[in-house]
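See below for the structure under consideration.
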């Protein structure tokens, strides 16, 4: 028998006792001595950055929602028969149909024997063949180059060039990734360094998509918050950027500026002027620009248009286009595709220092490569059916219909919420969410504080328990002190969305009454 | 000390050269992942000469570096691909050529996806349940601990690795080891603590060596993790039960968290050899160990009979995790979200394959692995599992001097010439780490027998010439 550990904790010195400060670690051995082995991984010895990580979109409220679903399944009686997950931007989970053409090409890539049959149109087969030819052994199960399959990167470059009115795009500047999140975290890894006052600071919008705050916590970077202007449809004001930057320079080294356009959770679509102002600001203040553009096709409001950061940058002339460092992110998870589960994505790096680029290439090779099916999907997203091809009509019809329905739901959401006293909802100009502001009675705020909960978390938890609707409290995204919000997706099917909106309306009214 | 050399990747250069190469006729090089430094040098040298229009005695370069079955010509398993295709495009459920067990599996998986689509975000509980059952069966019914799907090794490393100076987390790492693991340690800021596997003893793990490595490491870091690869990469060594027990006892004494990388567990080829999991052994050692020793056990769809590297999916089972960290681990996991649903489908099939009697069972067959005979001037500790052969080169003194004159490493010189003269691309031992003054090459044997025969033919031809030249 090997050496036993006989670490007796000071409180139990000389005594064998059943109770101890850490009962879980006390074990009986064959000769009945109590002793304990210190775990290698405890909450105190864990990577402290991991502890700081919070991701509200799948946080405690979602965990409670999952629990409730289990309770319902087990037959528990509730005032509702299902949980509606309006917390996460997962289009297919809420019933959005995939684009047929994309699924056909992916099915062909997965099981190439289907190329011999007659079930699939020629344009789908042609794309599948082309992708498979570029894969090791003709299989999507082989590793690809770490930067991504070359022909896919070429297709992405062509897509960007067309989108941006002919501004050249070099495939070598394209890095495929596991969704956009992976690419964002990779760039942040490159940027974060230094100690104390030299520690990297990264500017992020408030409200923001909590991937950013989670990544910054994980990397131990300094979070520099700039507030979007709720009174002006969540627009970005450069003077606010300046204020945040100056304050931050006291305690860190600001290096990067993140923009989400169209915005998440706010849905605002930045004007061209605003984008120019941001680029100018980044140039003046020597900041690395990170443009999260995953919702670029989700633009609904009259008078709004998506302007890519790269396009604007290049139209501002060489003074900016030759110097400002910019990375732009996109993915297959949003827009009209909604294929979150495939984890397809890319980033384009512009004006990146060549030595850093070598390091970036090295960094992405540690994970070997992004999932190949996601790369294949991305290829067909940037290379969809063209006019004249067999699948074009169906493709256009499906795409238009999906975006149209989203636009209608965006408008519907804004309209309904603005009829509720105590709820104000800015126009949902783009993306997939509404982020209405809710006014909460003082008593409710007090109760929340007593429970140790953020007031909007308290509100959302009550909403979940009473209606089965799962939203994410605004505190998970950041908001001005003393204001409260929630984020709700516009993804449930229209009929269901109408019911959800009605229920939230009723709940808000009864909640307000209850706590007045 | 092992040459823990430049784990750098110069893939950018490589892809430029590859682009040039592809534009030349008469030679093909399929789209392979970025190779590590030594490999890159080798290929660059080759590609450079090729762009000079030099004629070669071979039409095709054979890249036998990677543990990538499909790139090596192995066909994907039909059942796996049919299920995936049907899940992606459920209209195929109407297809008469698709077997009923394929349809049944696809239907089951689609039912588990809200919205009935594989386009939803990851985390299918049904898949997790299947993994639990698989582990339970494999290990003879021992209790199941929390587990996750995704890119597991980096995820779990991140939970543990932190600190600087003396507090920097140290990870005991076998030498030889595969390069991307070490790169991952560097990325996270962990200290690599090398322990040498014993080549003369069939690459087995000696606890005294673990003890030595641990003792020396304490002067410069805080060693907390013991990483073992079983079956080994690149060695192919499969640990005996006694060896596993020794390691567990050592980890218990020294308070180390065991990371058991068991991704090659299905690739056993030696007669009579058997894989036994760390978890099973742990639980059979009684509660003194089974209730206390922290273990992370890893598996993946990349290796094994499916060889679906490109789908990027695996799992980790975390055993004896302290209750205080469970919530943080769950939160961290929920933020990760890197597993493609397609990968999870493959994982589901891996842990719950067609059974005897199922229509697809006959075609769902084991990949046959081929062994490699030693050549004169090489020695080979034949493994019992895994998908690589790791040969030691006994290079003549003259060759060592030549390498010195050229300003390169002897094994790198060997591999560069092999690539030039025979069009075979191997992994240089330098990239795995090796004892000073020893030289190795790694060949992936998880490939078609035709391809492997050709590789060995070319290697033998080159090797004998090389020995002759430097005798």
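Taken together, the values in this text are just the output of simple stated rules run on the coordinates, not laboratory data. What you see is a predicted model, and the numbers here were worked out from it, not measured in a lab. Don't worry about glycine lacking a Cβ; one is built from the backbone with ideal geometry, like all the others, and counts go over all protein chains shown.
With N set to the residue count of the stretch B:125-351, report its C-alpha Rg divided by 2.2 N^0.38 Å to two decimal places. Present the calculation step by step, with values, prior to reporting the outcome.
Values: Rg = 16.7 Å, N = 227, 2.2 N^0.38 = 17.3 Å.
For the stretch B:125-351, the normalised Cα radius of gyration is 0.97.
If you take each beta carbon of peptide B:284-295 and count the beta carbons of other chains within 10 angstrom, what is the mean? Walk me through the numbers on the way to the answer.
On the way: counts 0, 0, 2, 4, 10, 2, 0, 5, 7, 3, 4, 0.
Across B:284-295, the average partner-chain Cβ count within 10 Å equals 3.
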Whole Å is fine, so just give me how far the alpha carbon centre of the stretch A:301-364 lies from that of the stretch B:434-471. 44 Å
Rounded to the nearest 500, what is the 222 nm mean residue ellipticity of chain A from helices alone, with -39500 (n - 2.57) per DSSP H run of 4+ residues and division by all residues? -12500 deg cm²/dmol
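Which whole number gives the average count of other chain Cβ atoms within 10 Å of the Cβ atoms across peptide B:72-85?
Details: counts 3, 4, 4, 4, 9, 1, 2, 0, 3, 10, 5, 2, 8, 10.
Average per residue, whole number: 5.
Looking only at other chains, what is the average number of their beta-carbon atoms within 10 angstrom of each beta-carbon in B:379-392? Mind dumping the intermediate values first?
Details: counts 0, 0, 0, 0, 0, 0, 0, 0, 0, 0, 0, 0, 0, 0.
Taking the mean over all residues of the peptide, I get 0.
Sort A:309, B:79 so that the residue with the fewest other Cβ atoms within 10 Å of its own Cβ comes first and the one with the most comes last. It would help to have the intermediate numbers written out before the result.
Working: A:309 27, B:79 22.
Lowest count first: B:79, A:309.
Can you tell me the length gained on complete extension of the stretch residue A:122 to residue A:233, counting 0.36 nm per residue apart and subtracting the Cα distance? Please report the intermediate quantities before stating the final value.
Numbers: separation 111, 0.36 × 111 = 39.96 nm, distance 4.60 nm.
35.4 nm is the gain from fully extending residue A:122 to residue A:233.
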Where the centroid of each part is defined by its Cα atoms, how far is the stretch B:366-423 from the stretch A:454-511 in Å? 64 Å
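Take every DSSP beta bridge whose two residues both sit in chain A, then give the antiparallel share in percent to the nearest 5.
Details: 24 of 45 bridges.
In chain A, DSSP labels about 55 percent of beta bridges as antiparallel.
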In whole angstrom, how far apart do the alpha carbon centroids of the stretch B:146-215 and the stretch A:179-228 sit? 28 Å
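How do A:255, B:111, A:399 line up, fewest other C-beta atoms within 10 Å first?
Working: A:255 22, B:111 10, A:399 18.
Lowest to highest Cβ neighbour count: B:111, A:399, A:255.
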Going from the alpha-carbon gyration tensor of the stretch A:141-214, what semi-axes, largest first and in whole Å, does one get by taking the root of 5 times each eigenvalue? 29, 17, 13
Translational diffusion coefficient, Stokes-Einstein: compute it for the protein assembly as shown using the Kirkwood radius over C-alpha pairs as Rh, at 10 °C and 1.306 mPa s, and state it as an integer in µm² s⁻¹. 53 µm²/s
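Can you give the convex hull volume per residue for the Cα atoms of the stretch A:80-220, as a whole number of Å³?
Numbers: hull volume 30.3 nm³, N = 141.
Taking only Cα atoms, the stretch A:80-220 has a hull volume of 215 Å³ per residue.
Please sort A:187-193, A:443-449 by packing, taking for each peptide the average over its residues of neighbouring beta carbons within 10 angstrom, highest first.
Details: A:187-193: 18.6, A:443-449: 15.6.
Order by mean packing, descending: A:187-193, A:443-449.
If you restrict to DSSP beta bridges whose two residues both lie in the stretch B:125-351, what percentage is antiparallel, to the nearest 5? It would help to have the intermediate numbers written out before the result.
On the way: 11 of 30 bridges.
Antiparallel bridges: around 35 percent, rounded to the nearest 5.
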Rounded D (µm²/s) - chain A, Kirkwood Rh over Cα pairs, Stokes-Einstein at 37 °C, 0.692 mPa s: 130 µm²/s
For the stretch A:312-380, what is the convex hull volume of its Cα atoms per residue in Å³? 101 Å³
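Roughly what % of DSSP beta bridges within the protein assembly as shown run antiparallel, to the nearest 5?
Values: 47 of 90 bridges.
Here the share of antiparallel DSSP bridges comes out near 50 percent.
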